Structure formats: structure tokens, C-alpha cells
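What follows is one structure encoded as C-alpha cells, with my remarks underneath.
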Amino acid sequence: MKIAVVSSFYSQGMGYVENCLPKALAALGHDVHVLTSPLNVYGNAPEYDSTYREFLGPADQGTGTLKVDGYTVHRLPSRMLGGYVLITGLASAIRAIRPDVVHSLEIASVQTFQLALLKATQRFKLFTETHQHLSVVKPFLKKESGDVLRKAAYRVTRTLPTYLASLAVERCYAIAPDCVYVANEFYGVPHEKLKLQSLGTDTDLFRPPISPEELEKRAAQRRARGYSESDVVCIYTGRFSVDKNPLALARAVALLSSQQPGFHGLFIGEGGQRADILSCPNATVSSFVKYAELADVYRLADIAVWPRQESMSMLDAAACGLPLVVSNAIGESERVTGNGAVYEENDVDDLARALLDLASPERRKTLGAAGRAKMVDGFSWALIARAIEADYEAAMRRA
């Protein structure tokens, strides 16, 4: 099949769905094209320069075509429309490529609205996704009463267009149970169009250290960072922003330092909370690293922690055999059930309690092994690509 994956943003060498799903589909033998804007991930965010520019380069990467991991990336002319990315060259690219399947990575997007209209004259099957968790839905929408005018404006500008676009869609993949709810309740996507399909992880790249060489590399990396083998290294990866709140982990480690001096926080990323994190004892900050290098970083750690919101990196860390500690407010508890723990979101004392519960190496090993098995059996990109491929083929047969 010829498959076009449409994404508003694309950053080479990262581990987002727009990198991993095309790679996995190409590995199955399909001709895969990623159609995107010139912008890096978060390229339209005000904090891009302070958070990502040093790592990813300029937000605008320019137009052009490149080959990556067996698929072709097309950076197309684009412009901003009311704060959203509009890929102005999308229709021309679809006509030139003539794909059998178009897979848009967010149903409530200008790109999907374009594709739903374009489908009337082009012979392709349209699939979409939704990544909108309940935790990031605007607060006024979640209130049962009040804000009538704002809710009405949202329904007209977001819910109605998304509902109409969904009528042209074969399937909308929701990455978590709460995403199913959000897509139906706030975007109007009919239940029969929705399918629960988690994001994935590369279980070949992300794996526990087992061989003598990998174990020695882990020990050497820990020594280089000043950690002993008995220390408990709690890792967070991502942006240092209030909505992610890695500072809660730094403060929990600081709280434990008087009782358990072996606990350390390792923070990989950049953002506004950097200075406050560094002010906490036993906290170390390192810059972002590329996707392929993250596996070694996870393998040197003992516990992976995301204090707020979901992250694809949870899956990568679990695939490396790390137990997870996450907020009790996330919408996909399956990621941590049986292989980690939850804590009361933003409660530093409770986060410290959850970390202390994982002080035993034997307990961490048991939970980590369960997480690794879960990733291999149900969350690998190879398995997910085959399941999506089957849906594509069924849609083609119906045609």
C-alpha cells in the first residue's frame, strides 16, 4: 500500500508517533510518506526558543524532502491560522502521491478538515487519531454549568467541524480510554468510529541491560554521574514546565534525602523549572538527548517518574525494565498497573511515599520485569503497525 501520514509537526530523530508509526509501517513493506509543515515539534509554542531550539535547531526547518528510516518526509508550505498550523501544500501533495490510505495524527485539526473535503475527489481511505487527554481539556468545558457562551463558541468552532470531518473517516484511534471520552464528548466523534489503540515503544531499542557489556556500561554511566550501585536514581525526561511539573519529583527526592540519602533525581530536558530543580539537593539536570540515546539513559536509572500528565516516554522506560511512578490523574492507568505506582498529583509528601515504597531492589526488579513483559506483549510499535495495517486492508476490501 501507499500510505500518507499527516502531521502538523515533525522533528527528525525523535520518538513521537510521526517518527515511529511510519517507520514500523515501512518495515512491513509499505510505501510510506509523512506530509508535514516546516515546523519542528512545538515549533509554534512561545517557549520554543528557550526550551527546544538549542536541541532541535530553528523552529522552521524549511520545505523539502528527505528519506528517514525507510519512509519519505515531505516538509510542505504552511502558514498559521488562528494559532493552528495550516499545511497549504497538503492537497497538492496528496494529488501527486495518490495514496491508498491517508492517516492524520489528530482528528480535531485543520489538516483533517482539509482531508475530509479532499476525500470527495480523491480515492483514498481516511484514518485519524486523537491524543487529547482529559487532563488537558480546557477547564471550562469540564464544568457542568456556567460559561455558556464559551461552550457554545467551542461547539461551533471545534466540535461541529470535527464531527463533520469524522463522517469521512474510517477509524479514529484514541490512544487512551479518556481520549475516547474526549473525542466523543467534546469533538463529537461517533462511538462507532472510535477505536482504543495505545501508542507504542520500540522494544528492540528500549530493553533492560542484560548482557555483560550492557551491565558494565550501566555501571560506568552511573559512576560518571556520581551514583553508586546502591543509590536509587529516579529519572524524568521531557520539558521542565508547570503542566508536567518535574519540580515535584525534585522536591520529593529532597524530602527523602534526610531519611534515604541514596535517592537521587535525574532530569533530562529543559524548561522554566530548571533553576528550581537545580536548587534541590540530590537533583541533576542534563540536556535533551535524541531518541536512540534515551535507552542508555533509562538503563542507568532505577525508577521512572512523571509527576503530571501522560508521556510516550513512560512506555520506553517501562520497556527498559523500570518501574513507573505517575500521577493518579492520568487517563491511561494500564501503563502502570502491575508495574509501578500512582501518587496523589502534586502532593510531594505522597510522591516521596511512593518512591520510598520502591526502595527495595527486589521490588523494583519484579515490577520492572512485569512492565517489560507488558510492553513486549501489547505495546510494541511492530504489533501496533500490524493491527493498523489490518484495518487499512479491511477498508480497502470494503472499497
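The values are calculated or read from the model by the stated rules, or taken from the named source; none is laboratory data. Remember, predicted model here, so these are calculated numbers, not experimental data. Cβ sites come from the backbone with ideal geometry, for glycine too, and all protein chains shown count toward neighbours. To get the accessible areas, we keep the full protein, side chains included, count just its heavy atoms, and leave off ligands, DNA and RNA. Shrake-Rupley method; radii C 1.70, N 1.55, O 1.52, S 1.80 Å.
Counting only residues that are open to solvent by 50 Å² or more (accessible area, probe 1.4 Å) and free of Cβ contacts under 8 Å to residues at least 40 places away in the same chain, which one in region 366-389 is farthest from the chain's Cα centre (by Cα)?
Thr366
Return yes or no: is Val242 open to solvent by 70 Å² or more (accessible area, probe 1.4 Å), under 27 Å from Glu345 (Cα atoms) and β-branched (Val, Ile, Thr)?
The answer is yes for Val242.
Go through the residues of region 75-92 one by one and say whether even a single one is among the hydrophobic types (A, V, I, L, M, F, W, C), surrounded by 22 or more Cβ atoms within 10 Å (Cβ to Cβ) and not in a strand (DSSP E or B).
Yes, some residue in region 75-92 is among the hydrophobic types (A, V, I, L, M, F, W, C), surrounded by 22 or more Cβ atoms within 10 Å (Cβ to Cβ) and not in a strand (DSSP E or B).
With respect to Leu28, is the statement that it is at pLDDT 95 or above, closer than 29 Å to Val101 by Cα and within 20 Å of the chain's Cα centre (by Cα) true?
no
Which one of these does Val289 not meet: (1) touching a Phe, Trp or Tyr at 6+ places or on another chain (Cβ under 9 Å); (2) in contact (Cβ under 8 Å) with a residue 40 or more places away in the chain?
(2)
Could you please find all residues in region 197-225 being among the charged types (D, E, K, R) and either without any contact (Cβ under 8 Å) to a residue 12 or more places away in the chain or part of a loop (DSSP other than H, G, I, E, B) (or both)?
Of everything in region 197-225, those that are among the charged types (D, E, K, R) and either without any contact (Cβ under 8 Å) to a residue 12 or more places away in the chain or part of a loop (DSSP other than H, G, I, E, B) (or both) turn out to be Asp202, Asp204, Arg207, Glu213, Glu216, Arg223, Arg225.
Taking the condition of being assigned to a loop (DSSP other than H, G, I, E, B) and either β-branched (Val, Ile, Thr) or farther than 13 Å from Gly272 by Cβ (or both), how many residues in region 52-63 meet it?
6
Determine whether region 111-133 contains at least one residue that is under 27 Å from Glu345 (Cβ atoms), hydrophobic (A, V, I, L, M, F, W, C) and either in a loop (DSSP other than H, G, I, E, B) or touching a residue at least 40 places away in the same chain (Cβ under 8 Å) (or both).
There is no residue in region 111-133 that is under 27 Å from Glu345 (Cβ atoms), hydrophobic (A, V, I, L, M, F, W, C) and either in a loop (DSSP other than H, G, I, E, B) or touching a residue at least 40 places away in the same chain (Cβ under 8 Å) (or both).
Is there any pair linking a residue in region 26-47 that is farther than 13 Å from Ile87 by Cβ and hydrophobic (A, V, I, L, M, F, W, C) to one that is assigned to a loop (DSSP other than H, G, I, E, B) and open to solvent by 60 Å² or more (accessible area, probe 1.4 Å), with Cβ under 8 Å and at least six apart or on different chains, and which?
Short answer, once both residue conditions are applied: Ala26/Asp69; Val41/Tyr16.
Test of understanding: among Val253, Val182, Val242, Val233, which residue is assigned to a loop (DSSP other than H, G, I, E, B) and not small (Gly, Ala, Ser)?
Unique residue meeting the criteria: Val242.
Counting only residues that are open to solvent by 20 Å² or more (accessible area, probe 1.4 Å), outside any loop (DSSP other than H, G, I, E, B) and either among the aliphatic types (A, V, I, L, M) or touching a helix residue (DSSP H, G or I) at 6+ places or on another chain (Cβ under 7 Å) (or both), how many does region 27-51 have?
Of the residues in region 27-51, 3 are open to solvent by 20 Å² or more (accessible area, probe 1.4 Å), outside any loop (DSSP other than H, G, I, E, B) and either among the aliphatic types (A, V, I, L, M) or touching a helix residue (DSSP H, G or I) at 6+ places or on another chain (Cβ under 7 Å) (or both).
Listed here are the residues, each with its yes/no results for (1) farther than 28 Å from Lys23 by Cα; (2) surrounded by 21 or more Cβ atoms within 10 Å (Cβ to Cβ).
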{"position": "Glu129", "(1), (2)": "no, yes"}
{"position": "Lys142", "(1), (2)": "yes, no"}
{"position": "Leu149", "(1), (2)": "yes, no"}
{"position": "Ala152", "(1), (2)": "yes, no"}
{"position": "Tyr173", "(1), (2)": "no, yes"}
{"position": "Tyr181", "(1), (2)": "yes, no"}
{"position": "His191", "(1), (2)": "yes, no"}
{"position": "Pro208", "(1), (2)": "no, no"}
{"position": "Pro212", "(1), (2)": "yes, no"}
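Please indicate, with yes or no, whether at least one residue in region 339-356 is of a type outside the set (S, T, N, Q), buried (at least 18 other Cβ atoms within 10 Å of the Cβ) and under 18 Å from the mean Cα position of the chain (by Cα).
No - not one qualifying residue is present in region 339-356.
Name the one entry in Ala319, Ala292 that is at pLDDT 95 or above, under 26 Å from Asp202 (Cβ atoms) and either among the small types (Gly, Ala, Ser) or crowded, with 21+ Cβ neighbours inside 10 Å (or both).
Result: Ala319 is the single residue among Ala319, Ala292 that is at pLDDT 95 or above, under 26 Å from Asp202 (Cβ atoms) and either among the small types (Gly, Ala, Ser) or crowded, with 21+ Cβ neighbours inside 10 Å (or both).
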